[in-house]
């Protein structure tokens, strides 16, 4: 074993000694501990419900791109549709010179058309905006009745009934087997029964009953002597009316023809027939 001297006190000690036994000075430092390699730790991203948070960023960008592309596509389609409609309108065929052809109305782009419901007498033509009015199937009669007073001045026949009969007055009274008033025709007998209803009550009642069975249409005159009868089937009729004025009466009994539409009957002023019946007749 080799020996060495302590550098502190000079005492002779063995080389295997760790420290000087005399002064306690350590003879050699312990071997340094081996360095431990440090591995960096990378933090893992936090997951929520199994989906990483960063995934929403590219999804949002993709969604914005799709929305912008959709609006650009729709805008181009709208422009193409308007362009095609304009071309169709501008390139339509010119109207035919044939006068019998039904005209049509072209509708410009982006315009609004409000169609009113057609009246009951109109016939709608498919594919056209032109209505063809059907002719009326019924007729109406406007009567203007007047009588002449003693001075020959026309006066309106106010509040009096006028009738359209299917037979003439004389035929109706004859078929009813009425006996005329002595010295009078059946027509004048009716006038007398209107002028003197108390004297000829039976004739008046039977005559009016017979006339009633042949009435087709009726109307009453107003203060101006005018009456309107509507909804009449076009045909031939007999106009009948009777009125009393003072000591006389006037009777209308004449044929008339009614056609579809309005028919005006401006009756000539009727002269009154004045008759006086002595008591007891």
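Screening residue 199 on (1) touching a residue at least 60 places away in the same chain (Cβ under 8 Å); (2) in a strand (DSSP E or B); (3) on the phi < 0 side of the Ramachandran plot shows it passes everything except condition (2).
Scoring residue 207 on the criteria (1) surrounded by 14 or more Cβ atoms within 10 Å (Cβ to Cβ); (2) under 49 Å from the mean Cα position of the chain (by Cα); (3) over 26 Å from residue 154 (Cβ atoms) leaves a single failure, condition (2). A residue that is modelled with pLDDT under 55, surrounded by fewer than 10 Cβ atoms within 10 Å (Cβ to Cβ) and over 54 Å from the mean Cα position of the chain (by Cα) can be found somewhere in segment 20-30. Only strands (runs of 3 or more DSSP E) whose full extent lies in segment 212-281 are considered here, and the ones with at least 1 residues that are farther than 15 Å from residue 162 by Cα and touching a strand residue (DSSP E or B) at 6+ places or on another chain (Cβ under 7 Å) are 235-245, 248-258, 261-266.
Please state which one of 152, 183, 231 is surrounded by fewer than 16 Cβ atoms within 10 Å (Cβ to Cβ), at pLDDT below 90 and either under 30 Å from residue 263 (Cα atoms) or under 50 Å from the mean Cα position of the chain (by Cα) (or both).
On the way: 183 fails: either under 30 Å from residue 263 (Cα atoms) or under 50 Å from the mean Cα position of the chain (by Cα) (or both); 231 fails: at pLDDT below 90.
Answer to the check: 152.
Inspect all residues belonging to segment 199-209 and state whether any of them is assigned by TED's automatic domain parsing to the domain that holds residue 154 and within 25 Å of residue 150 (Cβ to Cβ). Within segment 199-209, one or more residues are assigned by TED's automatic domain parsing to the domain that holds residue 154 and within 25 Å of residue 150 (Cβ to Cβ).
The values are calculated or read from the model by the stated rules, or taken from the named source; none is laboratory data. In this text the structure is predicted, and so the values were computed from the model without any measurement. Neighbour counts run over all protein chains shown; Cβ positions are idealised from the backbone, glycine included.
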